[in-house]
Amino acid sequence: MNRRWQWLLLIAVPALAAPALAANREDAALDNSAALSGGVVVATIRSGGAIWYNPAGLGGNARGKLDVSLNAFVLRERSARGAIEGRIAEDLEASSDASSLELSTVPSSLVFSRRISDDVTIGLGVFVPRQDVYRVAVSTPIEEPPVRYVQRSEFTAIAQRYHVGPAVGWAVSPRLRLGLALFGIYESESLSARLWSRISIDGEEAPLSSLLILADESISRFGVQPTLGAQWSPTDAVQLGLTVRAPIVRVKGTAEGAALVQFAATGEDPVSDYDPDTFDDEPFGLMAPPSVHGGLALALDGGGFVGVAAEYRTALDDPAAEKRYAAVWNVQIGGLMPLSETLAVGVGLFTDHSDVAELDGLGDDRVDFYGITGGVRLRDPLTLEGGGELVFETTIGARYAVGVGQAGGLGLDYLSDDLITTFEVDVVHHTAALHIGSALLF
C-alpha cells in the first residue's frame, strides 16, 4: 500500500469525527416563566424550574407544584457557505454550501416540588438543556471537459445532555432564601461521516479514480454538578438573585470509533484500511467550566416583574476530551406582566454566546446567538368541594434567535499531502421554537 494511504486513516478520523454542535448553555428555556421572559428569572423564580435557574427560589414556594415544559417544535436552519471543497488541480476546484433545515420536538423539563415545612421545600427535576441533530448532504461536482469529478459528502451529528437531581430551598427569613441542587449528568455525542469521490477523463478512469471514507464516533459521559443559589429582597420592590454552578465533574467517559478508507487507482488493486478502535476512554476530570449568574428584578403589582441578569462562565481546558472552553458573558432582559388574575404576558431579550475556544473540523461550530421571547400564561383556579384549591397554569411562548459565527469546513485536495483539509467558514443560524408548558399547583 502507498504510504500516503496508510496514514490517511489517521488524518481522516480527526478531521471528520468532531461531533461538537453549538456548545451553548441552553437550546431552549427550561421553565415556563423563563420561556416568557428571556430567562431573566434568577432573582424571581419560585416555581419548580428554580431547581435549574436558582434553587433558592424553592424556599419561596407557597404550595406544591408539578411543572412540565415542552418545546413543542424547534426549527433550526443552518447555512455554512463554501464549507465543502474539492480540488483536483490548480484550476480544477469547486465548493458547496453545507445547509441544514431540521424540525424536531424537544422535551425541556419535568419538575415536582413540595413543601415539607413552612420554611423548606424540596424538589426533583429532569432537565434537557441540550438536544440537537445536524444533518447535511452535499454534492460538489467539477465539470471541465475532458475531466469529470464527482464528490459526495454526508454527515450526521447528534448531541444531547440530561440533568437529573434533587434540590432543597430554605426560607431563612421572609427576605432571604438559600438553595442547593445536585445534578447527575448524562451527555452523549455521535457523528457519522461518509465521503465519496470519483474522477474520470473522457469517460476513462483517472489515475486517482475513486475514494471512499467512512468514519463513526460515539462518546458518552457521566458527571455530577452541585449548584448553590441565593435570593434576597432588600425591599418589597427590589429582588436580587445569585446562582453559582460548580464545574461539571466527569465521573466516567467512554468513547469508541471506527473508520474505513477504500481507494482505487487505475491499473492497481483496490486498497482498504479499517480501524475499529480509534478512540480511548476519557478519565476522571472536569468536563464543563463553572459559572456565576446574577440578577436584579423590580416587582410589579399582581405578581409581575421586570429584570436584568448576567452570567459569566470561566475558561477551561479538558485535554482528556480534547476540548477547550473560552470564558464567556451572557445577558438577559425581560419581564412578566399580569393583565388580570387569569392572564399574564411576558417578553424578553437574551444572548447565548458560544464557549467553544477552537474549531476541530466539520460538525464543529462557534456561534453566538441573539434572541427574543414572548408569550402568555393562563391560570385556571378550581375550588375543591370541602375546601382547598387547585390551579392549572398553561404557558404558550415563542422564541427566535439568530446566530452568527464560524464553523469547520472540509475539503478533499488531491494536491495536498494530507488530502483532507480543514478550514473555517462564516455561518448564519436561525432557530425558532414554540414552547408549551403546564403546571398544577396544589
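Rule-based calculations on the coordinates, nothing more; no lab input. All values derive from a computational prediction rather than experimental measurement. Glycine also receives a Cβ, built like all others from the backbone with ideal geometry; neighbour counts cover every protein chain displayed.
Could you list 340, 104, 153 so that the one with the fewest beta carbons within 10 Å of its beta carbon is first and the one with the most is last?
Values: 340 8, 104 13, 153 26.
By the 10 Å Cβ count, ascending, the order reads 340, 104, 153.
Computed from phi, the 3J(HN,Hα) profile of region 113-130 under the Karplus parametrisation 6.51, -1.76, 1.60 (θ = phi - 60°) reads 9, 8, 6, 10, 7, 5, 10, 10, 10, 10, x, 9, x, 10, 10, 10, x, 9 Hz, with x in place of Gly and Pro. Take every pair of alpha-carbon atoms less than 8 Å apart whose residues are at least six positions apart; their mean separation over the length of the chain yields a relative contact order of 20 percent.
Ordered by the number of other Cβ atoms lying within 10 Å of each residue's own Cβ, fewest first, 337, 287 fall into the sequence 337, 287.
When the chain is modelled as a GNM with alpha-carbon springs shorter than 10 Å, which of 160, 262, 239 fluctuates the most? Largest GNM mean-square fluctuation: 262.
If a/c stays under 1.5 just call it rounded; otherwise compare a/b with b/c (prolate if a/b is bigger, oblate if not). Do that for region 108-239, with a ≥ b ≥ c from the square roots of the Cα gyration tensor eigenvalues. It is prolate, given that a/c is not under 1.5 and a/b is the larger ratio. Karplus-derived 3J(HN,Hα) values for region 343-349, using 6.51 cos²θ - 1.76 cosθ + 1.60 with θ = phi - 60°, are 9, 9, 10, x, 8, x, 10 Hz; glycine and proline are entered as x. Only helical runs count toward this figure. For the chain, summing -39,500 (n - 2.57) over DSSP H runs of n ≥ 4 and dividing by all residues gives -1000 deg cm²/dmol at 222 nm. Projecting label points 7 angstrom from Cα along Cα→Cβ for residue 415 and residue 331 puts them 4.7 nm apart.
Remark: the Cα gyration tensor places region 3-441 in the prolate category, a/c being 1.5 or greater and a/b exceeding b/c. When the chain is treated as a GNM with alpha-carbon contacts under 10 Å, the residue of 60, 303, 411 showing the greatest mean-square fluctuation is 303. The residues 382, 180, when put in order of fewest to most other Cβ atoms within 10 Å, stand as 382, 180.
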